[in-house]
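Below is one structure; the comments refer to it alone.
Read the figures in this text as sums done on the coordinates, not as results from a lab. These figures come from a predicted structure and were not determined experimentally. All Cβ positions, even for glycine, are placed from backbone atoms using ideal geometry, and neighbour counts span all protein chains on display.
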Amino acid sequence: MGEVVLDKENTVNEDEMLHIELFGGFSISYGDKVYLKDNGSSKKVINILQYLIINKNNKVTYDNLVYATKLDKDNKNPNAVLKNLIYRARTLLKDSGFPEYEYILQASGTYSWNNNIPCVVDVEIFQDYCKKAQNKDKTDEEKLELYNKAIEIYGGKLLPKHSVELWIVPLTTYYDSMFSQCVKEYYELVKKNGDYSSMIHICAKAIEIDPYDEKNYIMLIECYCKHEKYKDALTAYEKITDLLYEELGVKPSEELIELYKEIMSNLNQVEKNLVVIDGEIREEKEEPNGAFYCPYGLFKSIAQYTMCMFERTGQSLCMVLFTVTDTNGSMPTKKKRLITMNNLKDTINISLRRGDLFSRYSATQYIVMLVSADYENSCKVGQRIMDKYNSKFFVRTTKITYKVKVMNIDK
């Protein structure tokens, strides 16, 4: 193992240092063994240790510790309870098998972590790498290496088992933002040198840590496209759009939609054999007897093409928009919305002809395209879908309505 410089005069072998992890969980190890890990027990004792370690460069007053551990809410004498918790924290460190040090210091109404004890804290290393990477004097190669080290050491959200603690919430936001900035800065450098393969792994890690950040998926999809991995790009697109619709109740951004168009325009490679192409077109779908369900970007393109074609033939084209609300006309709760939308999708699929097309338009809406159908017949289709749904899935807490529009296809 290497040596760690503590000051100008002393170096300490890394095996002789405490290694403290705060990202993705809490643990303290010594050498190659984990001696203390947050397993859910002694929550307040662990919370005090975490607070002192994160504030290891400061002396913490009694009042701050009482606030951090919420001792002022249920105890008549919070200072006495605090002293007992400090005693238990010291005992826990001693009984865990660590070297014999005075880990928690007390002086003039304050407590502090003993900074004379050699230790490495992942939060401090992460911040150090981030700071060095932002140095304008560094070359792009040096910045890439530093950002990569920072991203690698970021093991997840700060103290996730205690994320609801008031003192942890702003710190979690701060470090999340710092991590996201590292990923974005790394990507900007990648776009300069063209090494998109290294970015795919980083995007996957960023998505695992924050699966609802659309920007992480956009970077991942762009990397897949640069490597011409369009099927992987499409899978990533479908995953994030499903999350946006089902979990957050929002539509994908224009940037994502434009990426979807790029994916679809490049997905099929050059194929000279018409027999192969014919087989691909005719291959059986998962739902051969139902309507054709597709993402809205594709639905829009097909609808535009169909309208252009019908300008010549004079056929009619109608759209039916189904909307799910609660009984007050507002968006239902997440659980009710997901159940209702899934049931409505199944009902629409089995109620339409094989040549009909439908798509999810928003978190609470499906849009249906009916070919060669006038307004009256489209209303009948809409009502037929409603009747089938109500006969099988009707609940009083949600409401489904539909509107019909004849599309203007005149030249």
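Against the main long axis of the alpha-carbon atoms of the chain, helix 375-393 sits at an angle near 50°.
Quick check on the exposure proxy: order 222, 141 from fewest to most C-beta atoms within 10 angstrom.
Details: 222 20, 141 10.
The fewest-first ordering by Cβ neighbours comes to 141, 222.
Distance from the C-alpha centroid of region 157-186 to that of region 325-391: 40 Å, rounded to the whole angstrom. For the pair residue 80 and residue 102, a Förster radius of 22 Å applied to the C-beta separation gives a FRET efficiency near 0.50, rounded to the nearest 0.05. Among 223, 308, 119, the order by Cβ neighbours within 10 angstrom, fewest to most, reads 308, 119, 223. Stretched out straight at 0.36 nm per residue, the stretch from residue 315 to residue 265 would grow longer than its current Cα-Cα span by 15.2 nm. Rounded, prolate or oblate: which fits region 1-160 when a ≥ b ≥ c are the square roots of the eigenvalues of the alpha-carbon gyration tensor, with rounded for a/c under 1.5 and prolate only if a/b beats b/c? Verdict is prolate for region 1-160. So which of 231/261; 157/336; 138/191; 261/335; 157/335; 229/251 end up more than 22 Å apart, counting from Cα to Cα? Correct reply: 157/336; 261/335; 157/335; 229/251. Helix 254-266 and the longest principal axis of the C-alpha atoms of the chain enclose an angle of approximately 60°.
Exposure proxy check: 167, 113 ranked by fewest other beta carbons within 10 Å? Don't skip to the answer; put the middle values down first.
Values: 167 17, 113 23.
The order, fewest Cβ neighbours first, is 167, 113.
Reducing region 211-262 and region 81-105 to their Cα centroids gives an inter-centroid distance of 49 Å. Sequence-distant contacts, meaning Cα pairs under 8 Å at least 6 residues apart, place the relative contact order of region 290-406 at 43 percent. Within straight-line reach of residue 94, meaning a Cα separation under 24 Å, sit the following lysines at least 8 residues removed in sequence or on another chain: 33, 37, 43, 44, 56, 59, 83, 161. Helical content alone sets the calculated 222 nm signal of the chain at -16500 deg cm²/dmol, taking -39,500 (n - 2.57) per DSSP H segment of four or more residues and averaging over every residue.
So for the chain, averaging the separation of alpha carbon pairs under 8 Å that are six or more residues apart and normalising by length, what relative contact order in percent results? Mind dumping the intermediate values first?
Details: 520 pairs, mean separation 46.4, N = 411.
Normalised by residue count, the contact order of the chain is 11 percent.
Taking Cα atoms, how many degrees apart are the long axis of helix 78-95 and the longest axis of the chain, rounded to 10 and kept between 0 and 90? Around 80 degrees separate the two axes.
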